[in-house]
């Protein structure tokens, strides 16, 4: 199981004060030495955390592969083509969202996605799509011609948190999941089954399967047990843990959980 460490939240902390500290680039060497297999960053259209200069420095100097998450905005695609990361992962973006809320909508984005995938593949950039864990999304991804898909684990993570943590007693409680424990257990089982089915379907089509969103030190091992998922991209929980333990220790602790 490979671990991609998403370092966006270091830039979130920097942007909160609009100064040059902390610098996400400093995390790259630490992550590599700690055993991370990949650095993941998201160059959003609104530049709310990672900026162009961050992406350029990280991609040009990282000793391990860089996975650059991006929208299908033509200007962003041109930046990706210029930077030439190891992989580009296409994700949906909504200016009002706190974080990515689900997989890419194939029906409305098919033409743009098909064009972007072929454009980047011609420049020897590996391509992936962030998708909801459904058979339909897997089949559409195969038709587009990407090498990877990343399964959205956010639904699973939200249900897990409402069932197994104090989330429902806080101001971050998820109203639609404020349910009886018996119902949450059924929903959690269904969410895991959907991920398993999607991973199996993707493997049958010859796709490499990653997973990510909302994964943390408590819920990650269930995802690790799903056959055919070979990579996890995890960010917020690792960066949050690093505030107390240091980034090196936080990454090593996550590696212990998944390996």
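Within the stretch 196-226, can you find the residues that are in contact with a strand residue (DSSP E or B) (Cβ under 8 Å, 6 or more places away or on another chain), assigned to a helix (DSSP H, G or I) and more than 19 Å from residue 90 (Cα to Cα)?
If the condition is that a residue be in contact with a strand residue (DSSP E or B) (Cβ under 8 Å, 6 or more places away or on another chain), assigned to a helix (DSSP H, G or I) and more than 19 Å from residue 90 (Cα to Cα), then 203, 220, 223, 224 are the ones that fit.
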Give all pairs with beta carbons closer than 7 Å in which a residue from the stretch 191-206 that is on the phi < 0 side of the Ramachandran plot and in contact (Cβ under 8 Å) with a residue 12 or more places away in the chain meets a residue that is surrounded by fewer than 20 Cβ atoms within 10 Å (Cβ to Cβ) and part of a helix (DSSP H, G or I); count only pairs at least 6 apart in sequence or on separate chains.
192/222; 197/135; 198/135; 201/135; 205/142
Going through the stretch 115-125 one residue at a time, which ones are in contact with a helix residue (DSSP H, G or I) (Cβ under 8 Å, 6 or more places away or on another chain) and closer than 18 Å to residue 92 by Cα?
116, 117, 120
Candidate set: the stretch 227-244, residues that are part of a helix (DSSP H, G or I) and touching a helix residue (DSSP H, G or I) at 6+ places or on another chain (Cβ under 7 Å); chosen: the one nearest to residue 3 (Cα to Cα):
238
Meets criteria (part of a loop (DSSP other than H, G, I, E, B) and either without any contact (Cβ under 8 Å) to a residue 40 or more places away in the chain or surrounded by 19 or more Cβ atoms within 10 Å (Cβ to Cβ) (or both)) for residue 76:
no
Identify, from the list 193, 137, 122, the residue that is within 27 Å of residue 219 (Cα to Cα) and surrounded by fewer than 21 Cβ atoms within 10 Å (Cβ to Cβ).
193
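Just so you know, all these numbers are worked out from the coordinates, no wet-lab data involved. Since the structure is predicted, the reported quantities are computational estimates derived from the model, not experimental observations. With ideal geometry, Cβ positions are generated from the backbone for all residues, glycine too; neighbour counts draw on all protein chains shown.
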